[in-house]
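Colleague: Sharing a structure here in structure tokens format.
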Amino acid sequence: MGAYLTKLDGLAPGARWRQARTWLLNEPLPFFAELRAERPVLATPEVTLATSYADCSLILRRHLTFQVDLYKPKQGEYWMAQDETPVHVREKAIMRTLLDREQLPAMRAYIGETAAKRLAAGKGRIDATHGLARAVALSLVEDWFGFEDADRQKLFEWSYWNQQDAFHNQPFDHRPDAAAVIDKRQKAGFMMGLYLARLVAKKTLEVKLGAGGDKPVARLLRLWFSGGISPEFDIKRVIFNVGGLLIGAVETTNHCVVNALAEIMKRPDVLARAKAAALDPDPGKFDGFALEALRFNPAFPYFFRTAHRDVELSGGGPHATIVANGTTLLAVTQSAMQDGHVYPHPAVFDETRAQGDGFTFGQGLHECLGKAIGHALVVETVRQVLRLKNVEAAAPIVWKGGVPEQWQLKWVA
């Protein structure tokens, strides 16, 4: 038995998850390698970790067996906190239609221009979190999604606290400030609701007058006024879905941009290749570098689900394990993306590797709604940084609440 499992088995059962979580956050890849080889399903009294590609994919794709119960206290009636309900199916389809992929080339050009301008204004130094990644995402929310006349700092706070509570404040996180995070999320939700109600009222008048533009907020209202949607899709549902555009865009972009840059920068040979690709006139030549970096270092190392029946994981082999109904499961997708059964030579950074079956944007019913937009946001922001001369980290990343809060970069302006 390996060193990690030997130490875990020597602990009292109640202490095992806390120790495993420390390794998950601080030395994930060797810990996961040992689990995949010796105990791909690690059960603790609080959570059960699944670390193989096959099990992670099964958990995320069998959405009726493994459900999103833990989202519900955080996201209420929003469709993301539901599994295959009529609300989920209808509203996700509506929002996917409104986020027109035909606009992606123009959107990516906008992202590149916005990032380049912020970097130029930095004159050789910038905070990659609030000064770049969050700022570019917020610009997209305002200029492309239609969040007009908003206080940018408030937009950030509303997005931040909703993400903090949903993804970094679950019972198994044991945060000492858990109640304070919930309070901030509730206050943020209330204030965001007031802003969205005003925004929707304003855009409603414009749309009824034949104006309003062609951004997703106005598109959604036109669709609603058409009468072609179920009467269950009322004005409250409209506001929920407009808010989802903000919450899903900002903090995830920040985390992915920082993780991808950090992973590339710590590999000198990869960094040299990535810089050359970033300068290529075809921006698509760069994409594989950011996606491969996120295979090693994703924003979310796991996705959590609740088992709704007794089920066998790692079935048909020596590690077959029965997971009981009601178990909280972590599909440890950072581990799954290092599984040699699916990724040949997984320890090698290969920017040409096919990424279509990865977990960076999730899998199954709950795959990221804005996957295509998130891809453009992340890869193009990272690309613009690596176009800079002699860019490097000026200080270590500062982490807070499970996300990068500050990271100073410097370059020759």
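Colleague: Being farther than 15 Å from ALA413 by Cα, of a type in the set (A, V, I, L, M) and in contact (Cβ under 8 Å) with a residue 60 or more places away in the chain is the filter here; which residues of segment 121-142 pass it?
Modeller: ALA128, LEU132, ALA133, VAL136, ALA137, LEU138, LEU140, VAL141
Colleague: Working only within segment 225-242, note down all residues that are charged (D, E, K, R) and part of a loop (DSSP other than H, G, I, E, B). I'd like the intermediate steps shown before the answer.
Modeller: First pass over segment 225-242, keeping only residues charged (D, E, K, R): 232, 234, 236-237.
Once the filter is applied, which keeps residues that are charged (D, E, K, R) and part of a loop (DSSP other than H, G, I, E, B), segment 225-242 yields GLU232, ASP234.
Colleague: For segment 332-341, how many residues are surrounded by fewer than 18 Cβ atoms within 10 Å (Cβ to Cβ) and under 22 Å from GLY402 (Cα atoms)?
Modeller: Qualifying residue count for the region: 0.
Colleague: When only residues in segment 103-119 that are aliphatic (A, V, I, L, M) and free of Cβ contacts under 8 Å to residues at least 12 places away in the same chain count, which is farthest from ALA393 (Cα to Cα)?
Modeller: Checked segment 103-119; the qualifying residue farthest from ALA393 (Cα to Cα) is ALA106.
Colleague: While we're looking at this one, here's another question. What are the pairs, 6+ residues apart or on separate chains, where a residue within segment 18-31 that is basic (Lys, Arg) has its Cβ under 8 Å from a residue that is surrounded by fewer than 17 Cβ atoms within 10 Å (Cβ to Cβ) and outside any helix (DSSP H, G or I)?
Modeller: If the second residue must be surrounded by fewer than 17 Cβ atoms within 10 Å (Cβ to Cβ) and outside any helix (DSSP H, G or I), the pairs left are ARG18/HIS174.
Colleague: Another question, then. Any chance segment 353-361 includes a residue that's out of contact with any strand residue (DSSP E or B) (no Cβ under 6 Å at 6 or more places or on another chain), modelled with pLDDT of 95 or more and among the small types (Gly, Ala, Ser)?
Modeller: No, segment 353-361 has no match at all.
Colleague: Output the residues belonging to segment 243-254 that are more than 17 Å from GLY212 (Cβ to Cβ), part of a helix (DSSP H, G or I) and not charged (D, E, K, R).
Modeller: GLY243, GLY244, LEU246, ILE247, VAL250, THR252, THR253, ASN254 - these are the residues of segment 243-254 that are more than 17 Å from GLY212 (Cβ to Cβ), part of a helix (DSSP H, G or I) and not charged (D, E, K, R).
Colleague: Out of segment 88-144, which residues are buried (at least 18 other Cβ atoms within 10 Å of the Cβ), polar (S, T, N, Q), more than 19 Å from the chain's Cα centre (by Cα) and over 11 Å from LEU377 (Cβ atoms)?
Modeller: Passing the criteria: none in range.
Colleague: Could you please find all residues in segment 107-120 being out of contact with any strand residue (DSSP E or B) (no Cβ under 9 Å at 6 or more places or on another chain), under 16 Å from ALA413 (Cβ atoms) and of a type outside the set (Lys, Arg)?
Modeller: ALA115, ALA116, ALA120, listed by residue number.
Colleague: Let me ask another. Could you pull out every one of the helices (runs of 4 or more DSSP H) wholly within segment 134-224 that has 1 or more residues that are at pLDDT below 90?
Modeller: Correct list: 178-208.
Colleague: Being among the basic types (Lys, Arg) and surrounded by 15 or more Cβ atoms within 10 Å (Cβ to Cβ) is the filter; apply it to segment 170-215 and report the residue that is nearest to LEU25 (Cα to Cα).
Modeller: ARG175
Colleague: Contact list please: Cβ distance under 8 Å, first residue in segment 75-90 and free of Cβ contacts under 8 Å to residues at least 12 places away in the same chain, second residue surrounded by 19 or more Cβ atoms within 10 Å (Cβ to Cβ) and not in a loop (DSSP other than H, G, I, E, B), pairs at least six apart or on different chains.
Modeller: Note: pairs meeting the criteria are THR85/TRP79.
Colleague: Of a type in the set (Asp, Glu), surrounded by fewer than 20 Cβ atoms within 10 Å (Cβ to Cβ) and more than 27 Å from the chain's Cα centre (by Cα) - does that describe any residue in segment 277-285? I'd like the intermediate steps shown before the answer.
Modeller: Here is the first cut: in segment 277-285, the ones of a type in the set (Asp, Glu) are 280, 282.
After this cut, where a residue has to be surrounded by fewer than 20 Cβ atoms within 10 Å (Cβ to Cβ) as well, the list is 280, 282.
Imposing the further condition that a residue be more than 27 Å from the chain's Cα centre (by Cα) reduces the set to 280.
Yes, that holds for at least one residue.
Colleague: Now a separate question. In segment 78-101, what residues are among the acidic types (Asp, Glu) and modelled with pLDDT of 90 or more?
Modeller: ASP83, GLU84, GLU91
Colleague: Return the residue satisfying two criteria in turn: it lies in segment 313-331 and is over 26 Å from ASN169 (Cβ atoms) and within 28 Å of the chain's Cα centre (by Cα), and of such residues it is surrounded by the most Cβ atoms within 10 Å (Cβ to Cβ).
Modeller: First pass over segment 313-331, keeping only residues over 26 Å from ASN169 (Cβ atoms): 313-322.
Next cut, within 28 Å of the chain's Cα centre (by Cα) only: 313-314.
Working: LEU313: 22, SER314: 20.
My answer is LEU313.
Colleague: Here is a follow-up. Just need a number here: residues in segment 345-393 that are buried (at least 20 other Cβ atoms within 10 Å of the Cβ), β-branched (Val, Ile, Thr) and part of a loop (DSSP other than H, G, I, E, B).
Modeller: 1
Colleague: From the residues in segment 337-366 that are under 21 Å from the mean Cα position of the chain (by Cα) and among the aliphatic types (A, V, I, L, M), which one is farthest from ASP287 (Cα to Cα)?
Modeller: For segment 337-366, the residue satisfying everything is LEU365.
Colleague: Follow-up question, since we're still on this one. Assess whether PRO281 counts as being assigned to a loop (DSSP other than H, G, I, E, B), out of contact with any Phe, Trp or Tyr (no Cβ under 6 Å at 6 or more places or on another chain) and within 30 Å of LYS389 (Cα to Cα).
Modeller: In short, yes.
The values are calculated or read from the model by the stated rules, or taken from the named source; none is laboratory data. As the structure is a prediction and not an experimental result, all values here were calculated from the model. Every residue, glycine among them, receives a Cβ derived from its backbone with ideal geometry; neighbour counts consider all protein chains shown.
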